[in-house]
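Worksheet for the structure shown next.
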Amino acid sequence: MTDWHLDQDLLDRYDRGDLDTGRVMAVEAHMLACPHCRFRVHVDVAWTTGNWAIVYDAVHAPRVGPAQRLLTRLGLPEHRVRLLTATPALRWSWLLATAAVLGLAVLAAVFSRDGTDRAGLLFLVVAPILPVVAVSGAYGPPADPMYEITGTAPAAGPALVLWRATAVIGAAVATAGFAALLLPAAGWYAAAWLLPALLLCTGTLALATSVPLPLAAGTLGGLWLAGVLGVTGFRHEPAVPLVFGPAAQLSYSLAAALAAIVLIRRRRRFDPGESR
Amino acid sequence: MTTVSIRRLGKRYGATTALDAVDLEIGTGVTGLLGPNGAGKSTLLRCLATALAPDTGSLRVHGFDPAVQHERVEVRRRIGYLPQNPGLYPNFTAYDLLDYVAVLKEITDTGARRAEVRRVLEEVELTDRAKTKVRKLSGGMRQRLGLAQALLGEPELVILDEPTVGLDPEQRMLFRALVSRIGEHRTVLLSTHQTEDVGALCERVVVMRGGRVIFDGSPRELAGVAEGQVWLSAEPPQGNAAYWRNADGLYRTLGARPAGGEAARPSIEDGYLLLLDSEATTAGAATGVAPTAGAATGVAPTAGAATGAVTTAGTAAPDAAGATTAPGVIR
Ligand SMILES: [Zn+2]
């Protein structure tokens, strides 16, 4: 520590900003080493606090990724984007698992010897299930370890479940859609799974107004698998038109509309926070 | 001012009664729910936090009824809840986690939310850990982060379920200091099975047992339960009384005065143990079943840790069945 200190005149001029760059550097070099002079400088507390907050937030606030930027550009408010992208089920592990299952279905189709029908059927049967699995993980104990906190927050309830379900369905549909493009001879059936998927998702959410979400998803997913296998018995020819033909598609869309009506009418019963 | 009002609240899980017609009024300050495991503390707190629907009775938080759909939201706007197993996302940073919970607490404006996150981080002394991932925080810091999320939005009622479990003495002291500061202007309701927590920070203590409230008063009054029933003697007592040897080599007996016993000042723990003990005896006499003594077993380690070994006079130690029938025995 030195015996020499900045004289008051110099300090005042520093404060007013009247010094040239060389002098400013000299004064600041001294202040770095000398707490005494450091505390003689006039401090604007409000200004410092404000800047501290800005710096602190800039360093600590969550980073905005490409997905968030895209959603913000689509017009979603920032808090809603935070809620969607923090959805626990929307984790890389889950997306990778979905992609892996679909990848296997595509591989099976590519390498199958007896044409694309059986493998295509496999893809068509599996693809609608994935969004439902995603929905069942959108909320509640197995997928969300913090469910007791999130479930008892004021923003919990129907809106949160539906937003999360939408987010995971969107991700699952995008993944499955991409896989469909990779299918060999991707004909009309590359999109045939979309309506069954929609029905299973709305049906699951509608059923979840009475039973827990995972149970609803398991029930409908199981019914779908059992139904398809029961009807087709994995025979080639009649299977695809029977389960995915125009008549079937029409009934899927009607049923999905019905499920949506049930869901909208009973949406207030969604209270995942409160167990009975 | 009354924050919480509970009337004849009941909850059953199958054949087990978790809450048995509980009546309570709770106001500003720190109130401790004390009781052995399975006493119904957690169930009561989860009902208050709107995480669980009670079967019978009524509940009001600031006059709002969580059983009514649109009033439940009003209840949720006024509470901060730290569950026993908060399950904080391990890959979130402390800042991210608080920001996310703040969104769930309807603080939608970005600027206001960040200011609130900074405020609670400062309140629990984690400002310099904001960038640390939850999985890299120590147990004490994680618990303080759990407390911070409960404080977001300045709730009038703060519910903490076993918040001091697993904390070392230093962390526990820091945590108590934080909680007592919070309790100066708000209602804090916490559950614990540690009498030290109660003595250190609660103005009021409610002792629960088998889903019922068996004591409600100040910590001093709880100690007073054992007034005239705590003795120090040079020789171990005869009979079935519970006793242990203290650091001075004297035998500390709870219950009837042993030969040569001198009256000692009762502690909160003495009052608590005698309370559970008398409950066990009356309950056992009324129903003739053993499980009540099993519940009393749950408190013995606390006594042992604080004061030395707990032994029973008169009965052979391994004879558990004998112990349940002998009144006044704490194992
Ligand atoms: Zn100087």
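Annotation note: Cβ proximity below 8 Å between a residue of the range A:36-54 that is within 14 Å of another protein chain (Cβ to nearest Cβ) and a residue that is away from the ligand (no atom under 11 Å from the Cβ) and not polar (S, T, N, Q) (sequence gap 6+ or interchain) occurs for A:Ala53/B:Arg114; A:Ala53/B:Ala115; A:Ala53/B:Arg118. The condition of being over 18 Å from B:Glu196 (Cα atoms) and either at pLDDT 85 or above or of a type in the set (Val, Ile, Thr) (or both) holds for only one of B:Gln238, B:Gln229, that being B:Gln229. Please find, within the range B:43-67, the residue that is farthest from the other protein chains (Cβ to nearest Cβ) out of those that are touching a helix residue (DSSP H, G or I) at 6+ places or on another chain (Cβ under 7 Å) and in a loop (DSSP other than H, G, I, E, B). Here the residue is B:Asp65. Whenever a residue of the range A:211-239 is within 20 Å of A:Arg266 (Cβ to Cβ), its partners that are modelled with pLDDT under 85 and part of a helix (DSSP H, G or I), lying with C-beta atoms within less than 7 angstrom and at least six residues away or across chains, give the pairs A:Leu213/A:Ser136; A:Pro214/A:Ser136; A:Ala217/A:Val132; A:Ala217/A:Val133; A:Ala217/A:Val135; A:Ala217/A:Ser136; A:Leu220/A:Val132. Among the residues of the range B:19-40, is any open to solvent by 50 Å² or more (accessible area, probe 1.4 Å), at pLDDT 90 or above, closer than 30 Å to B:Arg114 by Cβ and among the polar types (S, T, N, Q)? For the range B:19-40, residues open to solvent by 50 Å² or more (accessible area, probe 1.4 Å), at pLDDT 90 or above, closer than 30 Å to B:Arg114 by Cβ and among the polar types (S, T, N, Q): present. When the test is whether a residue is at pLDDT 95 or above, over 30 Å from A:Pro77 (Cβ atoms) and of a type outside the set (S, T, N, Q), B:Val188 passes it. On the basis of being at the interface with chain A (Cβ under 8 Å from one of its Cβ atoms), crowded, with 19+ Cβ neighbours inside 10 Å and within 29 Å of B:Gly40 (Cβ to Cβ), does B:Gln143 make the cut? No; evaluated as a whole, the condition is false for this residue. Looking at the range A:34-46, which of its residues are within 11 Å of the ligand (Cβ to nearest atom), exposed (fewer than 12 other Cβ atoms within 10 Å of the Cβ) and either among the small types (Gly, Ala, Ser) or not in a helix (DSSP H, G or I) (or both)? A:Phe39, the sole residue that qualifies.
Filtered by the rule that a residue be among the aliphatic types (A, V, I, L, M), more than 11 Å from the ligand (Cβ to nearest atom) and part of a loop (DSSP other than H, G, I, E, B), the range A:1-26 gives a lone residue, A:Leu19. Give the range B:109-149 a look and list any residue that's within 28 Å of A:Leu76 (Cβ to Cβ) and touching a strand residue (DSSP E or B) at 6+ places or on another chain (Cβ under 8 Å), or say none. Answer for the range B:109-149, where residues must be within 28 Å of A:Leu76 (Cβ to Cβ) and touching a strand residue (DSSP E or B) at 6+ places or on another chain (Cβ under 8 Å): B:Ala130, B:Lys131, B:Lys133, B:Val134, B:Gln149. If the condition is being over 14 Å from B:Arg7 (Cα atoms) and acidic (Asp, Glu), then the range B:51-84 contributes B:Glu71, B:Glu74. Only one of the listed residues (B:Thr110, B:Thr164, B:Thr93) is more than 9 Å from chain A (Cβ to nearest Cβ), of a type outside the set (A, V, I, L, M, F, W, C) and surrounded by 16 or more Cβ atoms within 10 Å (Cβ to Cβ). That residue is B:Thr164.
Just so you know, in the range B:96-106 the residues that are under 20 Å from A:Gly157 (Cα atoms) and at the interface with another protein chain (Cβ under 8 Å from one of its Cβ atoms) include one that is most open to solvent (accessible area, probe 1.4 Å), and it is B:Glu106. Residues in the range B:167-205 that are over 25 Å from B:Asp270 (Cα atoms), open to solvent by less than 10 Å² (accessible area, probe 1.4 Å) and not hydrophobic (A, V, I, L, M, F, W, C): 2 in all. Among all positions in the range A:5-27, there is no residue which is open to solvent by 50 Å² or more (accessible area, probe 1.4 Å), among the hydroxyl-bearing types (Ser, Thr, Tyr) and under 22 Å from B:Ala102 (Cβ atoms).
The values are calculated or read from the model by the stated rules, or taken from the named source; none is laboratory data. If you're wondering where the values come from, they're calculated on a predicted model, not measured in any experiment. We place every Cβ from the backbone using ideal geometry, glycine too, and count neighbours over all the protein chains shown. Just the protein is used for accessible areas: all its heavy atoms, side chains included, with ligands, DNA and RNA removed. Shrake-Rupley method; radii C 1.70, N 1.55, O 1.52, S 1.80 Å.
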